[in-house]
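Structure record follows, encoded as structure tokens.
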Amino acid sequence: MFIIAGLGNPGLKYAGTRHNVGFGAIDVLAERYGIGVDMGKHKALMGKGMIEGQKVVLLKPQTYMNLSGESLREAASYYKLFPEEVLVIYDDINLDVGRLRIREKGSAGGHNGMKSIISCLGSDQFPRIRIGVGDKPPRMDLADYVLGRFPEEELPDVREAIAQAAEAATLIINGQMEQAMNQFNGKKK
């Protein structure tokens, strides 16, 4: 079993923002595999189902980004999963819009949601897919940037990256991390 968690902030106010691309990837997976992500449990919206023969829990933490770890800790504990069985999909300002970076483990890289997850799981040894949302303009507040929406011209790249993140997640949960990295790291169609 795997938990696939997409990070974001709850509520319509944050829908479609840079910080919510992780939620977008969960929505794509849910639609592709007919998994309803509408059950409130583990401080998240969640759904259980099968993806390519693997049992999964799709998770959209509702704790707000900076407390995402609370939800993942609760879910991982409930399902008795190791950190290596938790896949996290989230935004990254250090990657150009539409680029992906897939890693088996690593630091938070300054991302507060990831800091919370690493702290709550007590480990950084879990796979992650970072979706590039681009760097903030000079003199703009970081919070305003990540809580802002994409300009119209970036939307096709963002949608493609979210779809690719969902494909990569499918490979990862089936033990094909190397293939996912080779196929999607740094690429933008």
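Placing a label point 7 Å from the Cα of D96 along the Cα-to-Cβ line, the residues of the range 150-189 whose backbone N sits under 19 Å from it are 150-165, 182-189.
Might you work out the accessible area of M1 for me, using a 1.4 Å probe with all protein chains in place, and round it to the nearest 10 Å²? So the heavy atoms of M1 present about 70 Å² to solvent. Dipole magnitude for the range 149-189: about 80 debye, using +1 per Lys or Arg Cβ and -1 per Asp or Glu Cβ, origin at the Cα centre. Towards the positive end of the charge dipole of the range 64-142, with charges on Cβ (+1 Lys, Arg; -1 Asp, Glu), say which of V97, Y79, N112 has the farthest Cα. The residue sitting farthest along the positive end of the dipole is V97. Between E104 and M1, the modelled labels are 2.5 nm apart [label points 7 Å from Cα along Cα→Cβ]. Note on the chain: dipole from Cβ charges, positive end direction compared against V21, A165, G8; the farthest Cα belongs to G8. Per-peptide packing, taken as the mean over residues of other Cβ atoms within 10 Å, places 127-135, 178-186, 145-153, 106-114 in the sequence 127-135, 106-114, 178-186, 145-153 from highest down.
Y64 sits with roughly 110 Å² accessible to a 1.4 Å probe, with DNA, RNA and ligands left out of the calculation. In summary, the range 96-189 shows an alpha-carbon radius of gyration equal to 1.16 times the 2.2 N^0.38 Å reference for compact globular proteins. Across the chain, the mean sequence separation of Cα contacts (distance under 8 Å, 6 or more residues apart), normalised by length, yields a relative contact order of 25 percent.
Any idea how far the Cα center of the range 1-76 sits from the one of the range 91-105, in Å? Comparing the Cα centres of the range 1-76 and the range 91-105, I get a distance of 18 Å.
If you add up the charges near A169, with Lys and Arg at +1 and Asp and Glu at -1, over every other residue whose beta carbon is less than 12 angstrom from its beta carbon, what do you get? Here the charged neighbours net out to 0. Using a probe of 1.4 Å, the accessible surface attributed to D38 totals some 120 Å² when neighbouring protein chains are kept in position. For Kirkwood radius over Cα pairs in Å, which listed value, (1) 23.4; (2) 16.0; (3) 17.3, comes from the coordinates shown? Matching the structure shown: (2). Note down the net charge around M181, summing +1 for each Lys or Arg and -1 for each Asp or Glu among other residues with Cβ under 10 Å from its Cβ. It works out to a net charge of 0. The length gained by stretching the chain between N66 and E52 to full extension, at 0.36 nm per residue less their Cα-Cα distance, is 1.9 nm. Measuring from a point 7 Å past the Cα of L147 along Cα-to-C-beta, which residues in the range 87-119 have an amide N at less than 16 Å? In the range 87-119, the label zone of L147 (backbone N under 16 Å from the point 7 Å along Cα→Cβ) covers 112-113.
The values are calculated or read from the model by the stated rules, or taken from the named source; none is laboratory data. None of the values given here were measured: they were computed from a predicted structure. Don't worry about glycine lacking a Cβ; one is built from the backbone with ideal geometry, like all the others, and counts go over all protein chains shown. For accessibility, only protein heavy atoms count, side chains too; no ligands or nucleic acids. Shrake-Rupley method; radii C 1.70, N 1.55, O 1.52, S 1.80 Å.
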